[in-house]
Amino acid sequence: MKIDRRGLLGVGAAGLAMAGALASRARGAAAQTFPSKQIRWVIPFAPGGNYDVTARIVSDPMGRHLGQGILIDNKPGAGGVVGLEAALNTPADGYTISMASVTVAYVAPLFAGKQPLLPQMAPVSILTTVPTLVVTRADSRFRDMKSALAEARAKPGTVTIGHAGNGTTNHVGILRLQLNEDLKFNIIPYRGAGPGIADLLAGNLDLFTDQLTSSMPHIQSGKLRPLATFSLQPVPDLPNVPTMGDLGLKPFDGNTTAGVFTHPDTPKPVIARLNEGVVAGLKDEAANRKLRELGAIVRPSTPEEFTAALNADEANVSELLKLGLLKPEG
């Protein structure tokens with residue numbers, strides 16, 4: 001009996017095409033019904049920090065728009081790596097999302113001895129750009145940033161300064177400041193801004209670098225005093241707080257741009273639906289007002305716009321890494 005191989009190949013190709021079509025229809029159907037259950041939003045830092053505050057403000061209106069609840073799941077550790085890895089180790093169905101920036105998804109994994117996670121993540125939308133600043137206690141011996149820098153120069157490694165985790169924007173800002181001004185702090189990493197601020201308020205730290213969103217309530221209450229910002233321009237909500245340039249130092253942009261990611265294999269229609277939800281959450285009047293009151297610049301975007309912003313930030317960070325300016329021991 002002679003086997004018609006061409007016929008078999010034709011049947012096989014047709015079968016593959018049909019299977020592909022069926023899979024495509026299944027993905028399309030899933031996207032049309034998405035979400036049909038609760039979404040988990042992994043925050044790779046402890047409660048109380050910029051990421052946590054932003055997510056909790058946006059999640060309620062986002063959930064209302066999508067018709068499902070959104071669970072905030074804080075998973076701190078290794079400068080954000082623990083949470084991002086947990087989010088990636090889930091099905092590619094859009095029901096787990098995470099929040100990150102280039103420093104968290106690219107630099108922090110390198111500092112932890114791993115490969116960057118950014119290439120493994122699908123951008124959904126930018127959330128906010130938030131000014132980064134140096135804060136101290138209201139009763140601190142440092143009345144201004146110049147006095148803190150003077151002591152750090154005179155007594156290298158004795159002025160303690162904390163940040164939210166190795167490889168974070170806060171950490172990068174400290175390293176850049178040290179390099180630019182030829183001084184050395186005693187740098188102490190925390191598992192998020194919340195624990196760091198708590199230690200600062202308890203008198204266990206001299207200084208802390210933080211995003212304005214998480215420090216602003218403590219500044220408004222009078223418990224913390226801002227010394228300087230890492231922004232190129234003055235922060236509108238803190239017009240009397242100097243930038244590095246205002247202090248006669250070398251200026252740099254140390255602000256934090258963060259957004260929402262999901263599993264890279266998530267169907268594009270599901271990513272589009274998630275984007276719709278994030279954008280709706282950011283444009284909600286009450287949420288938008290709260291974020292702006294905390295000093296954040298609200299920046300809803302398309303996945304493509306977020307990708308372009310990430311590429312620009314990654315190019316800058318890659319250059320700093322190649323020059324040896326960023327390293328885990330910081």
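Values for this structure:
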| item | result |
| --- | --- |
| Residue that is surrounded by the fewest Cβ atoms within 10 Å (Cβ to Cβ) [pool: residues in segment 199-218 that are of a type in the set (A, V, I, L, M, F, W, C) and modelled with pLDDT of 95 or more] | 202 |
| Residue check for residue 55: open to solvent by less than 40 Å² (accessible area, probe 1.4 Å) and either out of contact with any strand residue (DSSP E or B) (no Cβ under 6 Å at 6 or more places or on another chain) or farther than 22 Å from residue 299 by Cα (or both) | no |
| Pairs with Cβ under 6 Å, 6+ apart, first in segment 301-322 and under 15 Å from residue 257 (Cα atoms) and modelled with pLDDT of 80 or more, second of a type in the set (Ser, Thr, Tyr) and assigned to a helix (DSSP H, G or I) | 314/106 |
| Verdict on residue 194 being open to solvent by 10 Å² or more (accessible area, probe 1.4 Å), touching a helix residue (DSSP H, G or I) at 6+ places or on another chain (Cβ under 8 Å) and touching a residue at least 24 places away in the same chain (Cβ under 8 Å) | yes |
| Residue in segment 67-88 that is closer than 24 Å to residue 218 by Cα, open to solvent by less than 20 Å² (accessible area, probe 1.4 Å) and hydrophobic (A, V, I, L, M, F, W, C) present | no |
| Close pairs from segment 167-179: first at positive phi, partner among the aromatic types (Phe, Trp, Tyr), Cβ under 6 Å, at least 6 apart | 167/111 |
| Only one of 128, 158 that is among the β-branched types (Val, Ile, Thr) and either out of contact with any helix residue (DSSP H, G or I) (no Cβ under 9 Å at 6 or more places or on another chain) or closer than 24 Å to residue 246 by Cβ (or both) | 128 |
| Segments classed as helices (runs of 4 or more DSSP H), wholly inside segment 48-159, with at least 2 members that are of a type in the set (S, T, N, Q) | 50-66 |
| Every residue from segment 281-319 that is open to solvent by less than 30 Å² (accessible area, probe 1.4 Å) and farther than 30 Å from residue 252 by Cα | 281 |
| All positions within segment 158-180 that are within 28 Å of the chain's Cα centre (by Cα) and either among the hydroxyl-bearing types (Ser, Thr, Tyr) or open to solvent by 30 Å² or more (accessible area, probe 1.4 Å) (or both) | 160, 166, 168, 169, 176, 179, 180 |
| Positions within segment 294-327 being basic (Lys, Arg) and within 23 Å of residue 233 (Cβ to Cβ), in sequence order | 299 |
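The values are calculated or read from the model by the stated rules, or taken from the named source; none is laboratory data. This is a predicted model, so every value here is computed, not measured. No Cβ is skipped: glycine too gets one built from the backbone with ideal geometry, and neighbour counts run over all protein chains shown. We work out accessible area using only protein heavy atoms, side chains counted, and drop any ligands, DNA or RNA first. Shrake-Rupley method; radii C 1.70, N 1.55, O 1.52, S 1.80 Å.
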